[in-house]
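The values are calculated or read from the model by the stated rules, or taken from the named source; none is laboratory data. All of these numbers come straight from a predicted model, not from anything done at the bench. Neighbour counts run over all protein chains shown; Cβ positions are idealised from the backbone, glycine included.
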Amino acid sequence: MTIATTTAPDPTAVDDSTAVDGHSTAEDRTAIGAQLALPLFHTLCGTLAGHPYVKVVVDRVENTWHLLDAAVHPFHVDYIATRVLGMELAELDSCLDAFNASVYAAPERRFLLGVLSLHTDMGAGTAGAGTRIPTGRRARPFLVLETTEADTMSGPMLQEFYTFVRHRLDSRLPLLLKPANHGQEHALTAISDVRVPRILSHQLFGSRTRTPLNPGEAVGRLRHFRTAREYEVYAAGAGTLGGSDIVAMPCLPDDVPRVAGFINTAPTTPLSHTNVLASGWGIPNAIIRDLDQLMEAEGLADADAWVRYEVRDDDIALVRLSQPPAPTLTPSPSPSSAAGAQTSTMDASDPRPSHPIRLEPPLLHADIPALPLRQLRRTDQNRYGTKAANLGELHHVLAGDTAEQPARAGLTGPAGPAGPAGPAGESSSRSVDLTAYYGRPRPPRADLYAHLTTRLGLSGRPGLPDLPEGTRGAQLRAAARDFVRATVTAPDGIALPFALQHRFLTSSPAIQQAISELKAVLERETAVTVDVIDPLCRRLQDLVQHTAPMPDDVARAITAALRGLSSGPSGAAGRLVVRSSSNAEDLPGFSAAGVYDSVTAVHGADELVAAVRQVWASLLSPRSVRLRHQAGISPDDTYMGVIIQRYQPADLGGVLVTCNPTRRADFRNVYLNCSPGSPENVVDGTALPLQYLYNTVEGGGRTVALGSSAEDLPAATRERLADLALTGRLLQSHFSGTAPSRVGSGDAHVDVHRNVGADVDVDVDQNVGVDVDMGQNVGLDVDMAPDVDRPLDIEWLMTDQGAFHLVQIRPYAR
């Protein structure tokens with residue numbers, strides 16, 4: 001069976017087409033000036049995510065409207081330019097941004113553009129997706145009218161648009177206006193909902209029955225657990241989940257093993273730990289809230305049903321197989337070698353990739369000291385771990401133009417000694433470019449710098465457009481740095497190096513013997529099973545966390561961090577947070593989100609030492625060992641650093657990713673989740689967060705879901721979150737752009753489209769991905785081309801003073 005998702009088409013695809021000559025060989029059934037009833041609607045419509053839709057153009061000068069044939073005219077602006085105004089596409093391309101501004105932002109615009117999408121009221125005021133709508137009538141179709149998220153229509157213009165369309169529809173069809181962004185919601189507050197009946201985005205889409213979270217395809221046994229207790233009983237018994245299983249349950253636990261696919265049967269966020277893991281593992285993942293009914297209808301109730309599970313951007317397929325697939329042999333490497341034994345793809349306990357993940361060898365010199373985060377750079381990840389190194393890099397980015405990197409005594413290694421300005425070869429903070437994302441070509445545009453200029457409030461600056469290009473670029477880069485520094489702060493803290501953990505581990509003969517036994521099992525066993533690995537790992541964890549004596553010099557190095565964090569008249573550091581920072585995380589194909597421990601309530605020296613031991617021990621948990629083994633990561637290469645920070649109370653906390661995780665071709669939007677309190681409330685799945693999309697190109701934002709909240713955040717807070725979203729996008733230019741990336745790997749591409757407001761509900765068919773040779777385009781070696789489109793995953797909190805504090809910055813697996 002094919003399960004259509006219930007995402008309706010937002011008209012955020014504001015028409016940047018790449019159609020040849022703007023024409024199609026298909027018969028054009030576009031209607032001009034016609035009354036619209038369902039038969040004509042179905043003649044003209046396209047279908048997106050199971051919902052029919054028709055694009056409409058209202059011509060205010062001619063007092064008529066155009067109902068576009070979706071098969072011939074997928075883009076509003078192409079149709080207006082070529083069919084109404086008589087332009088050629090080349091002419092449109094040459095002035096595309098100005099043309100878009102004329103139809104989406106001009107106060108006295110000639111054209112009003114939008115989309116009509118068809119839904120079904122299932123009775124009792126619910127749409128087909130289970131969404132509440134303000135009708136309360138019996139089951140019947142209704143239409144939703146919407147503009148683009150970047151459209152700046154005023155309230156009176158929205159009312160005019162609605163009224164014009166309402167008068168030309170079959171009177172039996174209810175029509176609701178959906179504000180496309182927060183600005184339109186505010187503009188409509190002065191207009192009665194009797195004059196303009198409306199539905200908000202989160203009302204229509206926030207409770208969707210089926211939502212794709214991570215695209216992919218898998219064949220496996222469907223394992224459906226209706227409650228967390230069912231899962232716990234299964235896991236505690238003889239049952240073992242692994243690479244042949246597709247796991248379905250309301251809320252997947254953080255300790256779920258690597259499997260073939262996830263199905264969430266209750267609402268969730270794409271940014272929870274388990275959903276980030278699914279993205280990092282590259283397995284299909286979706287929300288299917290009516291799975292019970294679907295299983296009953298398709299005869300999938302037995303425990304060993306084999307299915308083909310496919311998640312795409314616009315639908316989900318779950319098809320029963322008549323028999324299990326025949327075993328096939330694929331290379332599965334040992335953790336210490338790229339060569340490995342042949343194992344069956346049906347082997348549930350060893351779903352290792354065909355190519356092992358390689359780690360940079362950690363540096364374990366005894367003289368590597370604990371250091372303040374602000375003294376670290378990204379090149380320190382093989383000493384302190386990726387989290388600590390990225391936070392150090394964030395301090396560097398936020399440093400003032402005259403800031404110098406403090407001396408880092410004792411740091412030596414392959415890169416040479418660190419001097420006063422940081423490790424050799426690293427840039428000073430004044431040379432950081434946070435605009436590179438906007439400089440990447442997005443054909444037919446050469447770049448998006450003009451949009452960034454507007455977002456940063458520079459459009460009206462006298463003389464800026466007349467400056468020489470180099471000077472103008474320097475001013476834009478300076479403005480971007482100033483904006484980021486004014487919006488966010490980086491946390492202070494102390495980073496403990498891998499070397500400290502290494503000294504502790506090597507000080508204990510019992511730990512060394514246990515590690516040797518574990519390594520022997522990992523090297524001997526092709527398929528690592530729970531009954532073999534778990535007892536060894538638990539014994540090791542107990543030794544590290546409780547039993548093995550702590551050498552005095554190691555304990556002193558840990559507690560010395562208290563002096564560096566002391567504050568207040570008493571000199572006490574107060575409540576501390578102790579976070580993990582491993583070198584075996586944030587890797588392509590291995591994110592380790594939620595795999596290692598952090599301790600968020602630590603007081604005093606004794607608790608600090610215990611918390612550090614707990615974080616070290618999490619590197620040896622049964623789950624983390626199995627996951628790394630499946631990824632081909634050798635235990636010899638894996639170490640744990642530690643970050644010690646003061647606890648920062650938060651009024652609001654959350655996560656943002658600098659992409660749209662449910663629409664990977666969407667380069668405009670940043671996805672932001674938040675809930676009261678700390679970011680952990682979002683990522684651990686204990687609370688359903690508020691969910692937002694913010695357009696970082698043309699501007700605008702919208703509420704996707706309210707989660708567990710009874711109401712949306714105040715408008716002023718949402719505006720502050722828009723600044724945070726833009727900051728995340730700017731940081732992406734540095735953190736992604738400075739990392740080498742193989743263009744030939746398929747990660748680097750340019751999305752070729754003219755859409756002004758593509759977002760979560762835009763038709764992905766309008767976004768054409770075209771690989772480009774970045775070496776030829778920007779003069780870089782093809783194997784070292786920076787990929788500024790690689791998204792970031794940023795955990796943040798907002799203090800009671802309204803300041804944003806970034807507590808983690810890492811690559812977002814995709």
Notebook entry, point to check: Can you tell me how many residues in segment 164-192 are of a type outside the set (A, V, I, L, M), under 25 Å from A37 (Cβ atoms) and surrounded by 13 or more Cβ atoms within 10 Å (Cβ to Cβ)?
Noted result: 6
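The rows are residues; the columns are (1) in contact with an Asp or Glu (Cβ under 9 Å, 6 or more places away or on another chain); (2) surrounded by 21 or more Cβ atoms within 10 Å (Cβ to Cβ); (3) in the same structural domain as R229 (by TED's automatic domain parsing).
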site: S244; (1), (2), (3): yes, yes, yes
site: V247; (1), (2), (3): no, yes, yes
site: N264; (1), (2), (3): no, yes, yes
site: S272; (1), (2), (3): yes, yes, yes
site: S279; (1), (2), (3): no, yes, yes
site: P284; (1), (2), (3): yes, yes, yes
site: D304; (1), (2), (3): no, no, yes
site: D315; (1), (2), (3): no, no, yes
site: A326; (1), (2), (3): no, no, no
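Here is a yes/no grid of residues against (1) touching a strand residue (DSSP E or B) at 6+ places or on another chain (Cβ under 8 Å); (2) farther than 19 Å from Q691 by Cβ; (3) assigned by TED's automatic domain parsing to the domain that holds M295:
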| residue | (1), (2), (3) |
| --- | --- |
| T152 | no, yes, no |
| F164 | yes, yes, no |
| L173 | yes, yes, no |
| Q184 | no, no, no |
| L222 | yes, yes, yes |
Check: Say we look at segment 286-302 and pick out the residues that are of a type in the set (A, V, I, L, M, F, W, C) and touching a Pro at 6+ places or on another chain (Cβ under 8 Å); which of these is surrounded by the fewest Cβ atoms within 10 Å (Cβ to Cβ)?
Finding: I287
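Just one of P649, P679 is closer than 30 Å to A389 by Cα and either touching a strand residue (DSSP E or B) at 6+ places or on another chain (Cβ under 7 Å) or without any contact (Cβ under 8 Å) to a residue 40 or more places away in the chain (or both); which is it? Steps first, please.
On the way: P649 fails: either touching a strand residue (DSSP E or B) at 6+ places or on another chain (Cβ under 7 Å) or without any contact (Cβ under 8 Å) to a residue 40 or more places away in the chain (or both).
None of the other options fit; the residue is P679.
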Notebook entry, point to check: Going through segment 257-274 one residue at a time, which ones are under 15 Å from R210 (Cβ atoms) and either more than 13 Å from the chain's Cα centre (by Cα) or not in a loop (DSSP other than H, G, I, E, B) (or both)?
Noted result: G261, F262, I263, N264, T265, A266, P267, T268
Margin query: Tell me the residue from A631, A617, A592, A584 that is at pLDDT 95 or above and not assigned by TED's automatic domain parsing to the domain that holds I794, please.
Written below: A617
Check: Any idea which of D304, D315 is closer than 27 Å to L792 by Cα and acidic (D, E)?
Finding: D315
Next item on the list: For residues that are crowded, with 16+ Cβ neighbours inside 10 Å and either modelled with pLDDT of 95 or more or assigned to a loop (DSSP other than H, G, I, E, B) (or both), tally how many sit in segment 516-538.
Entry: 2
Next item on the list: State whether the residues of segment 63-85 include one that is in contact with a Lys or Arg (Cβ under 7 Å, 6 or more places away or on another chain) and surrounded by fewer than 17 Cβ atoms within 10 Å (Cβ to Cβ).
Entry: no
Checklist line | Tally of residues being touching a residue at least 40 places away in the same chain (Cβ under 8 Å) and either under 14 Å from T189 (Cβ atoms) or of a type outside the set (S, T, Y) (or both) across segment 147-161 | finding: 8
Note to self: Considering only residues that are part of a helix (DSSP H, G or I), surrounded by 19 or more Cβ atoms within 10 Å (Cβ to Cβ) and not small (G, A, S), which ones fall in segment 587-613?
What the structure shows: L608, V612, R613
Note to self: Condition first: over 14 Å from R308 (Cα atoms) and crowded, with 22+ Cβ neighbours inside 10 Å. Now tell me which residues in segment 214-230 satisfy that.
What the structure shows: N214
Next item on the list: Consider V54 carefully, then state whether it is surrounded by 14 or more Cβ atoms within 10 Å (Cβ to Cβ), at pLDDT 95 or above and not in a loop (DSSP other than H, G, I, E, B).
Entry: yes
